[in-house]
Amino acid sequence: QVQLVESGGGLVQAGGSLRLSCTASGTIFSLNAMGWYRQVPGKQREWIASISTSGIITYPDSVKGRITISRDNAKNTVYLEMNSLKPEDTAVYYCRSLSSGYWGQGTQVTVSP
């Protein structure tokens, strides 16, 4: 069974940075395309980044320039680096295996004004 565990969330001031990690187990990580999503209470989960097995990266325009996704297949981990954080970035951030459909449990990011 695939397990995805996010970490790295927390409280940060506006303008700050965070790096989230998502470590996978129960799968051959290098064969998984991976994605990051976020969700604000009462709103739909929003896709914010993805990286293919070959390293092709895509972002929606809404976050392009402030977010960087990367992966380390040797560590079975995908990262999300976020810069110039804004209060509206406050959300629960989830990683997902796009290949298998499994989700992590999420990590809370709170950006204070």
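The values are calculated or read from the model by the stated rules, or taken from the named source; none is laboratory data. Everything numeric here is computed off the predicted structure, so don't read it as measured data. Backbone-built Cβ (ideal geometry, glycine too); neighbour counts: all protein chains shown. Surface accessibility is based on the protein's heavy atoms, side chains included, excluding ligands, DNA and RNA. Shrake-Rupley method; radii C 1.70, N 1.55, O 1.52, S 1.80 Å.
One table, with the values for the structure above:
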{"read-out": "Under 28 Å from residue 43, Cα to Cα: lysines that are on another chain or at least 8 residues apart", "value": "64, 86"}
{"read-out": "Dipole magnitude of the chain about its Cα centre (Cβ charges: Lys, Arg +1; Asp, Glu -1), debye to nearest 20", "value": "40 debye"}
{"read-out": "Whole-percent carbon and sulfur share, accessible surface of the chain, 1.4 Å", "value": "50 percent"}
{"read-out": "Residue 57 versus residue 98: modelled label distance in nm, points set 7 Å from Cα along the beta carbon direction", "value": "1.3 nm"}
{"read-out": "Computed lengthening from residue 66 to residue 45, 0.36 nm per intervening residue step minus Cα-Cα distance", "value": "5.7 nm"}
{"read-out": "Residue order for 47, 36 - accessible surface, 1.4 angstrom probe, largest first", "value": "47, 36"}
